[in-house]
Amino acid sequence: MSDYFRAIHPDWSPAAIEAAVDTMRVNADGSLSRRMSTEQHMSILHSIWNEPPRPWYPAIDVPTLLMPAIPKGADAKWADRIRSRIRETTADLRHATMREYLDSEHDLHAQHPRRVADDLLDLARGLQPVSNAR
């Protein structure tokens, strides 16, 4: 599995490959299976499509970071379509910042761990401390 993941994700770090391998379970007979069942995976996908978060966006009053992956090989028209769709669906997020990841896949944390960490730290640095005073 490690060889397979390295072949399909040549720009992933060894730690990311190991994490991907860890999504698999070695069964008693030596075969592999996914740790998350297909039913569980499909349940998550259905909730994303059937209960989109957009109605709640106006209530979000904190800085939000959008991190779209623009696939490798996407021409300018396709990339602009992705950008436009993101701007359209997130227009109600009042404090949103978008950081594009060109030539990237869905698993940004695995493909670009340092950049994701830096972008998240930049987001955190811009936050104001919350007072716990009552």
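The values are calculated or read from the model by the stated rules, or taken from the named source; none is laboratory data. Predicted model only: the values in this text are computed from it and were never measured. Counting neighbours? That spans all protein chains shown, and the Cβs are built from the backbone with ideal geometry, glycine included.
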Say we look at the range 95-130 and pick out the residues that are in a loop (DSSP other than H, G, I, E, B) and surrounded by 14 or more Cβ atoms within 10 Å (Cβ to Cβ); which of these is nearest to the chain's Cα centre (by Cα)? ASP107
It is to be established whether one or more residues within the range 80-94 are touching a Ser or Thr at 6+ places or on another chain (Cβ under 8 Å), under 21 Å from ARG114 (Cβ atoms), assigned by TED's automatic domain parsing to the domain that holds PRO113 and not in a helix (DSSP H, G or I). no
Just wondering, is there one or more residues in the range 39-48 that are closer than 27 Å to THR90 by Cβ and of a type in the set (Ser, Thr, Tyr)? yes
Meets criteria (in contact (Cβ under 8 Å) with a residue 60 or more places away in the chain, under 30 Å from TYR4 (Cβ atoms), touching a Phe, Trp or Tyr at 6+ places or on another chain (Cβ under 9 Å) and outside the structural domain of TRP12 (by TED's automatic domain parsing)) for ALA110: yes
Reported set for the range 60-74 where residues are of a type outside the set (Val, Ile, Thr) and either within 22 Å of PRO129 (Cα to Cα) or outside the structural domain of HIS95 (by TED's automatic domain parsing) (or both) is ASP61, PRO63, LEU65, LEU66
Against the condition more than 28 Å from GLU18 (Cα to Cα) and without any contact (Cβ under 8 Å) to a residue 24 or more places away in the chain, how does ASP80 come out, does it pass? yes
Scanning the range 1-57 for residues that are touching a Lys or Arg at 6+ places or on another chain (Cβ under 8 Å) and aliphatic (A, V, I, L, M), the one surrounded by the fewest Cβ atoms within 10 Å (Cβ to Cβ) turns out to be LEU32
Identity of the residue in the range 62-77, in a loop (DSSP other than H, G, I, E, B) and free of Cβ contacts under 8 Å to residues at least 40 places away in the same chain, that ends up nearest to VAL116 (Cα to Cα): PRO68
